[in-house]
Each structure stands twice: as C-alpha cells, then as structure tokens.
Amino acid sequence: MQTDILVIGSGIAGLSYALKIATQRPDLTIKILTKTQADETNTKYAQGGVAAVFNPEQDSFDKHIQDTLIAGDGLCNREVVEIVVQEGPVRMKEIIAWGTDFDKELDGDYKLGKEGGHSENRILHHKDVTGKEIERALLAKIAAFRNIELIDYCFAIDIITQHHLGKLVTKATPNIEAYGVYVLNENNNQVEKIESRITMLATGGCGQVYRTTTNPKIATGDGVAMFYRAKGRVENMEFIQFHPTALFEPGKRFGQAFLITEAVRGDGGILRNSKGEEFMQKYDARLSLAPRDIVARAIDNEMKILGDEHVYLDCRHMDIEKFKEHFPNIYAKCLSIGIDISVHMIPVAPAAHYSCGGIKTNTQGVTSIQHVYCCGEAASTGLHGANRLASNSLLEAMVFAHRCAEDSLQRIDTIPQQETIPDWNAAGTSDPKEMILITQSIKELQMTMSDYVGIVRSNVRLERAMKRLDLLHNETEQLYKTTTLSPQLCELRNMITTAYLIVKCASFRKESRGLHYNLDYPEKKTETENIIL
Ligand code: FAD
Ligand code: SIN
C-alpha cells in the first residue's frame, strides 16, 4: 500500500490533522489507521471538557497561561503555553463548525465549567460525555472526504527507516528518515508495509502500563515505543498523571476504571476520608480543586494513613437535579452499582490517567525523525511541563493538529516516495502455543509499575522496577523473535518499552516536581531541565 499521508490514530489528534489536510489538498491520499474500532480512543472517554477562554469579560489569555504554568510546576515551555492558549478558541470554533455540540446557557452563551487548577470557569463541555461528542462529530466529518481512507483493526508495528534498508541507524545518526510503517492488518492477518511520504503519530497515551487506569485497552504507548525503537527522541516520561477520582469498584483490580470527572468537584463535590472527614485543607489552600498532582498525592497519603483502598467524593449536598443534568453518565453509572449519589458518597481512588511527556516535538509538531509528525497525548510539546492542567489535553491536540497540518502542507511536495522497502520477514516464527505467556506478563508489568512507579517513588522502588522490567523484556524479546505476531504480543512489547522509559526518566530526575515525587529527593531543584532519551 502507498499513501501520501499516513495517520496512525483516530482520536481527536489524528482525525483533526487528517481533516485539515484533506480540506486543503483534495489531491493527496490520506490513510488513517486505528488498531481496533475507530471510536475506541482516549478521546471518546473524555468527560470534563475543553479549557478555552470564551468569556473575555471575566477570563483572559493571561489567566489561562498563568494557571497552565503554575500546574506545570516550572517545566512548561512558555512559548508553547502561549500558542495553545491563544490559538485554542479559534480551533474550538472550528470543531464547533464541524458539528460538535457544547452545552449552552439559556441566553446562548456556552456553559463554562470549572476544574482543578483553573482560576476561572472556562471548561466547555457536552454534559459529562464531551469526548464521545467530539469523536462522533469528527468521525462523521471524516466520512465525507473521498481522499481519506480509514482502516480499522490495523496495528502499526514499526516505523520504516534507513535501518530497514540495511543501514546502521543509531541515536547519533543525523538524518533518520521515515518511509512508512509495517502493520499487522487483522482484516487479513497479514503483516503489510504501508509506504508514506509523511507519517503522523497520533497514537495517544499509555495508561494501560498501570494496573488501574482511566484509559481504555488501546492506550499501550505504541507510538512512543515504536518511535523510540526507530531511535527518535522522547522526553519527560516520568510525568504520569494520576487522576484523583476514578470510581473504586470492589473486586475490579485490573484495567479501565470509570472516571468521576473533576468537574464534579468544580460543581461542589467534596473529598472525605473513610472517617467522613474532609482532608484537603491539610494539603492545599485550594482544597479539592488544587492541581491534580497535589490532590492525587493527598488522597494516596490519606489511604496509606488509614489503610484504605479508597476515599470518598461526597455529592450528597449538591442539587440532585442539576447533578443529573450536568453528569447524566456518572449518575447512571453510580446508580447501576447501587450508589445513589444523593444518599451515598462515591468511593474513589487515583488511577493512571495521562502521559505528560512523550515524543519530543517543536512548535510545529516536527519530531527528531524526518517526515514524522506527532500530536495529541503521544507528543511532548512542552505545554504540560511536570503536570498537565485539567482539560488542556483536547485543546493541545487541536492546536497542534493544525500546526502539524500547516507544516506538512508546506513540505509534502518536496518529499519523495521511497520505493525499495523490503517486505516484513516472518521467517522462523510459529503460532503462539500459550497466550498465558503474554497475558501474565502484562499483569506482572502493570503490578510492577503500580507498586513501584506510582504516585510516590523511591530509588529502591525504581531499581526494583528496572530489574523486573529487564526480565520481562528478555522473555518477551525471545517470544517476539519466535512467535507469529499478534496485537497482544506487540502491545506487551510496547508497554515494556514505555514502562522502561518512565522508569529511566524517573531515575534520572533527582528531585521531586509536579507529578514525579521521589522520597529520596523530596525537594525541588532551583535549576531544572527536561529529561531527553
Ligand atoms: P486517542 O484519542 O487515545 O487516540 C489514539 C488512537 O491511536 C486510537 O485510535 C488508537 O487505536 C490508535 N493507535 C494507538 N496505537 C496504535 C497502533 N499501534 N496501531 C494503530 N493505531 C493505534 N482531556 C481533556 O482535555 N479534557 C477532558 O475532559 C479529558 N477527560 C478524560 C477522561 C478520560 C477517562 C481519559 C482517559 C482521558 C481524558 N482526557 C481529557 C485526556 C484526553 O482525552 C486524551 O489525552 C486525548 O483524547 C488523546 O487524544 P489522542 O488523539 O492523542 O489519542
Ligand atoms: C476530567 O474530566 O476530570 C478529566 C479532565 C482531564 O483529564 O483533562
């Protein structure tokens, strides 16, 4: 297969990028790959909404910029923060024009919610299912373009570079070029090559590396792992954001946890420990609406002090009718497991939620590998620093999709198609005899990361994690060399690489900052820097 533009990922980042290119250049061919069904993305599960300055009488770009910088704890790139905040409202108007519906007040103004770390109400939302609405609108828009082909159940395995043409490629190689990707096409069970002039990595996050996460099963860090294998630059992987309030369901120890959006706290929900006591006043003057790193650490501490598996979010004092109107999905989910929020408190615990670091890009989404762009959660643009401000992610994805498209359109006509790429070599492999070798390794990996590389870390825990990962890596590479490929095996391999990058960056950071807290270095350094691998 050949295409001008290859987009890997059908979340907000990949779809908005593809739409921009398709609109401006109907003559270009665009393929979008997605590893399961098209809408199964982190995007679909976004609840709270999109942060953007839509009420200039009260709010301002300056305030949004300041809030982002404060949350980012000294590591944000100010230029990028200004770009995203200032260009955000224009991009929002675009997705509204593409058919996304955001809730409005009776007078026609947008309803603006509040979340942790925001000094003003600025979160546009569609009830508590904002991401589902965005994903629906973008997929509907994509379907109208004849030059876009969306291929589902097609798993990108590796980026094709000079390495596949028989040349030595190392981190020091100056001009690494990408020519496309090898994919495992589940529609025919073949490994195929897709040759492209430009490749966009919009592969999303890696929450599945942890035992409990708000992310769906697809979030296994594939883009970051394949880019790193291709000798590209990634950075700041230690900054894994734990969302403070994932629903705690007894007996559900692995996998995706249902999110209770921060907007519930924005509307008045209060955190309490198992004794029924409010506790956030011990940790931060902004109480339940402090930035996420602070709230998640406070909850973790309360759980450890009392030996509990969760704390509570108390909504009993809130106006139940208003709650149902803003959060119908949460209300229904709680009720389905016997929690009537007007009578019972909601049991919640932190869960891995968002990767602030990732593939290093410049302000146009350009990466260290030529002809590869990256945007969305897989990218590290410099916006989030050491801790992402709530609801800045969807915004960043839109702003950077636009910037990547601008840059791609300027360059595409100068990029030739590479014609001499070898086929995938599957010699010496046979069908797996025992899937347990893969499924159990995934569990071991998730336990290791949650137990040793979670909200609170230490040197000993990081060393232990690295040793366990080493073992898993060796066993999995052996399996990879001898076994017919499956998405599960590729995911395991990618999760191990992603976990390795998290631990490696965490070990290099000799301080505690934002989302990274190490008991052996509890202080912040006065001078700090990004960790680039
Ligand atoms: P995704 O939407 O995750 O899409 C990734 C795509 O890549 C998928 O299509 C997947 O199939 C594809 N893919 C991955 N690997 C491969 C591969 N190897 N081969 C082929 N395809 C592949 N952010 C906010 O700003 N506001 C919110 O309110 C908010 N709420 C959230 C709530 C939840 C529960 C979660 C999980 C996240 C939330 N976030 C929120 C974060 C935000 O949703 C994500 O960061 C954002 O949607 C990521 O978009 P993306 O396009 O980068 O990736
Ligand atoms: C939430 O709704 O609490 C999640 C928002 C985010 O991750 O930005």
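The values are calculated or read from the model by the stated rules, or taken from the named source; none is laboratory data. Here the structure is a predicted model, which means the values were calculated and not measured. We place every Cβ from the backbone using ideal geometry, glycine too, and count neighbours over all the protein chains shown.
Scanning the range 457-497 for residues that are basic (Lys, Arg), in a helix (DSSP H, G or I) and touching a residue at least 12 places away in the same chain (Cβ under 8 Å) returns ARG464, ARG468, LYS481, ARG493.
Among the residues making up the range 55-109, those that are charged (D, E, K, R), closer than 27 Å to LYS132 by Cα and in a helix (DSSP H, G or I) are ASP67, GLU87, ARG91, LYS93, GLU94. Residue check: LEU150 meets all listed conditions (1) more than 16 Å from ligand 2 (Cβ to nearest atom); (2) free of Cβ contacts under 8 Å to residues at least 24 places away in the same chain but one, namely (2). Each residue in the range 110-121 was checked for being in a loop (DSSP other than H, G, I, E, B) and of a type in the set (Ser, Thr, Tyr), and 1 pass. Among the residues of the range 239-265, those identified as hydrophobic (A, V, I, L, M, F, W, C), within 13 Å of ligand 1 (Cβ to nearest atom) and within 18 Å of THR448 (Cα to Cα) are ILE240, PHE242. LYS231 meets the conditions (1) within 25 Å of LYS171 (Cβ to Cβ); (2) surrounded by fewer than 17 Cβ atoms within 10 Å (Cβ to Cβ); (3) away from ligand 1 (no atom under 16 Å from the Cβ) in every case but one. The failed one is (2). Among the residues of the range 442-452, is there at least one that is surrounded by 20 or more Cβ atoms within 10 Å (Cβ to Cβ) and over 30 Å from ILE294 (Cα atoms)? No, the range 442-452 contains no residue that is surrounded by 20 or more Cβ atoms within 10 Å (Cβ to Cβ) and over 30 Å from ILE294 (Cα atoms). Just give me the residues in the range 335-345 being within 13 Å of PRO250 (Cβ to Cβ) and either among the hydrophobic types (A, V, I, L, M, F, W, C) or in contact with a strand residue (DSSP E or B) (Cβ under 9 Å, 6 or more places away or on another chain) (or both), in sequence order. Result: ILE337, ILE339.
Would you confirm, using the coordinates I've provided, whether VAL366 is on the phi < 0 side of the Ramachandran plot, of a type in the set (A, V, I, L, M) and surrounded by fewer than 24 Cβ atoms within 10 Å (Cβ to Cβ)?
Working: on the phi < 0 side of the Ramachandran plot: yes; of a type in the set (A, V, I, L, M): yes; surrounded by fewer than 24 Cβ atoms within 10 Å (Cβ to Cβ): yes.
Considered against the rule, which asks whether it is on the phi < 0 side of the Ramachandran plot, of a type in the set (A, V, I, L, M) and surrounded by fewer than 24 Cβ atoms within 10 Å (Cβ to Cβ), VAL366 comes out as yes.
Selection of first residues in the range 213-231 that are touching a residue at least 40 places away in the same chain (Cβ under 8 Å) and of second residues that are hydroxyl-bearing (Ser, Thr, Tyr) and within 16 Å of ligand 2 (Cβ to nearest atom), restricted to Cβ pairs under 8 Å at least 6 apart or on distinct chains, gives the following pairs, ordered by first then second residue: THR214/TYR45; ASN215/TYR45; PRO216/THR41; PRO216/TYR45; ILE218/THR41; ALA219/THR213; GLY221/SER355; VAL224/SER355.
Let's see how each residue does on (1) away from ligand 2 (no atom under 13 Å from the Cβ); (2) in contact with a Ser or Thr (Cβ under 9 Å, 6 or more places away or on another chain); (3) at pLDDT below 95:
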{"site": "ARG211", "(1), (2), (3)": "yes, yes, no"}
{"site": "VAL224", "(1), (2), (3)": "yes, yes, no"}
{"site": "GLU235", "(1), (2), (3)": "yes, yes, no"}
{"site": "THR245", "(1), (2), (3)": "no, yes, no"}
{"site": "PRO250", "(1), (2), (3)": "yes, no, yes"}
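Could you list, in sequence order, the residues of the range 266-278 that are more than 20 Å from GLU309 (Cβ to Cβ), away from ligand 1 (no atom under 13 Å from the Cβ) and in contact with a strand residue (DSSP E or B) (Cβ under 9 Å, 6 or more places away or on another chain)? Outline the logic, then answer.
Going residue by residue through the range 266-278, those that are more than 20 Å from GLU309 (Cβ to Cβ) are 266-268.
Now narrow it down to the ones that are away from ligand 1 (no atom under 13 Å from the Cβ): 267-268.
ASP267, the sole residue that qualifies.
Restricting VAL53, VAL7 to those that are in contact (Cβ under 8 Å) with a residue 60 or more places away in the chain, touching a Ser or Thr at 6+ places or on another chain (Cβ under 7 Å) and among the β-branched types (Val, Ile, Thr) reduces the list to VAL53. Go through the range 20-47 residue by residue and tally those that are of a type outside the set (Lys, Arg) and buried (at least 24 other Cβ atoms within 10 Å of the Cβ). Total meeting the criteria: 10.
Each residue in the range 100-115 was checked for being within 16 Å of LEU394 (Cα to Cα) and either at pLDDT 95 or above or within 12 Å of ligand 1 (Cβ to nearest atom) (or both), and 6 of them qualify. Within the set HIS371, HIS344, the sole residue that is away from ligand 1 (no atom under 16 Å from the Cβ), more than 20 Å from ILE240 (Cα to Cα) and under 25 Å from the mean Cα position of the chain (by Cα) turns out to be HIS371. Determine which member of the set ALA397, ALA386, ALA405, ALA465 is at pLDDT 95 or above, more than 28 Å from ALA352 (Cβ to Cβ) and either of a type in the set (Gly, Ala, Ser) or in contact with a Cys (Cβ under 9 Å, 6 or more places away or on another chain) (or both). Only one candidate qualifies: ALA405.
Is there a residue being within 14 Å of ligand 1 (Cβ to nearest atom), not in a strand (DSSP E or B) and not aliphatic (A, V, I, L, M) anywhere in the range 298-320? Break it down into steps so the answer makes sense when it comes.
As a first pass, look at the range 298-320 and keep what is within 14 Å of ligand 1 (Cβ to nearest atom): none.
No - not one qualifying residue is present in the range 298-320.
Quick grid of which residues meet (1) among the hydroxyl-bearing types (Ser, Thr, Tyr); (2) within 15 Å of ligand 2 (Cβ to nearest atom); (3) closer than 25 Å to LEU124 by Cα; (4) in contact (Cβ under 8 Å) with a residue 40 or more places away in the chain:
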| residue | (1), (2), (3), (4) |
| --- | --- |
| LEU335 | no, no, no, no |
| ALA351 | no, yes, yes, yes |
| ASN362 | no, no, no, no |
| SER380 | yes, no, yes, yes |
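Please find, within the range 131-152, the residue that is farthest from the chain's Cα centre (by Cα) out of those that are within 16 Å of PRO26 (Cα to Cα) and of a type in the set (D, E, K, R). Spell out how you get there, then give the answer.
Applying the first criterion (within 16 Å of PRO26 (Cα to Cα)) to the range 131-152 yields 141-150.
Keeping just the survivors that are of a type in the set (D, E, K, R) gives 141, 146, 149.
Numbers: LYS141: 23, ARG146: 29, GLU149: 24 Å.
Among those that are within 16 Å of PRO26 (Cα to Cα) and of a type in the set (D, E, K, R), it is ARG146.
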